[in-house]
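Data block below; observations after.
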Amino acid sequence: MTVEVTNFWWVRHAPVKAMMPGRIYGQRDVGCNLKDSERLKQIADQLPTEAIWVTSSLSRTKKTAKAIAEQGGYPIRPLAYKELMEQNFGLWQSKTWDDLEEDTEAAAFWTDPATTCPPDGESFRTLCQRVEKCVTHLIKKYPGQEIICVAHAGTIRAAIAQALNLSPANALRLKIDTLSISRLQHFSEVSRPDNWAVHGINF
């Protein structure tokens, strides 16, 4: 019996430059702070040296991937997937969560943040669906390989939800820090084509 094992190393991007607590960045293409070379080196030392590198289409993930690889001393050519972008918060992007306290459209969001869609944006449930499709695609395209995905907190929560069969609401409880690693392992065999193991979250 042949079992194909595909390892996913999810890394959240470096902190956004001049990050303001509570600011909603979503799919805004903002810069990131790469000054913590010690942490970047720690991450590089934990990742496999031969792997498929994947990022979202936002620059903060691409720049973080490049900085990690430079610390590790290995060249990379990351593949960018728009499906791995952060949740689209639509008209709420650039605002703070405090700004939304008096917003009548946000009332439903506070009641059900997993399925409520921000104006001109997408729900977290929709994010989970697109991330799952992308992960499934990567498994089929690169079976049995090491895949390093530099992405966003929402994206990584969605990937963990897929592995653990969590509801979107429960996945939102996961804390994913900037410059953290979450390692997931996918097992594929004929009788059970979609098994997962979680080796660590937010380390």
Restricting to DSSP H runs of at least four residues, report the calculated mean residue ellipticity at 222 nm for the chain, -39500 (n - 2.57) per run over all residues, nearest 500 deg cm²/dmol.
-9500 deg cm²/dmol
Rounded to the nearest 10 degrees, the helix 153-164 long axis (Cα) sits at an angle to the longest Cα principal axis of the chain of 60
Once both axes come from the Cα atoms, what is the angle between helix 59-72 and the longest principal axis of the chain, in degrees from 0 to 90, rounded to 10?
40
Specify the angular offset, from 0 to 90 degrees and rounded to the nearest 10, of the alpha carbon long axis of helix 37-46 from the longest principal axis of the alpha carbons in the chain.
40
The long-range amide H neighbours of Ile148, using H built 1.01 Å from N in the peptide plane and a cut-off of under 5 Å, are Trp9, Ile52, Trp53, Val54
Less than 28 Å apart at the alpha-carbon level, and either on another chain or at least 8 residues along: which lysines does that give for Lys133?
Lys62, Lys63, Lys66, Lys82, Lys141, Lys175
Highest average packing first - 142-151, 113-122, Cβ atoms within 10 Å
142-151, 113-122
The range 4-200 - percent relative contact order, Cα under 8 Å, separation 6 or more:
33
Of Lys17/Lys95; Lys41/Lys140; Lys35/Lys140, which pairs sit farther than 25 Å apart, going by alpha carbon to alpha carbon?
Lys41/Lys140; Lys35/Lys140
For Asn88, the net charge from surrounding residues (Cβ-Cβ under 13 Å; K, R +1; D, E -1) works out to -1
What full-extension length gain, to one decimal in nm, is calculated for Ser57 and Asp29 as 0.36 nm per residue of separation minus the Cα-Cα distance?
9.2 nm
So Asp99 and Asn195, fully extended at 0.36 nm per residue minus their Cα-Cα distance, gain in nm 30.4 nm
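Bear in mind these aren't lab numbers, they're just calculated from the coordinates by the rules spelled out. Because the structure is a prediction, the values reported are computed rather than measured. Cβ sites come from the backbone with ideal geometry, for glycine too, and all protein chains shown count toward neighbours.
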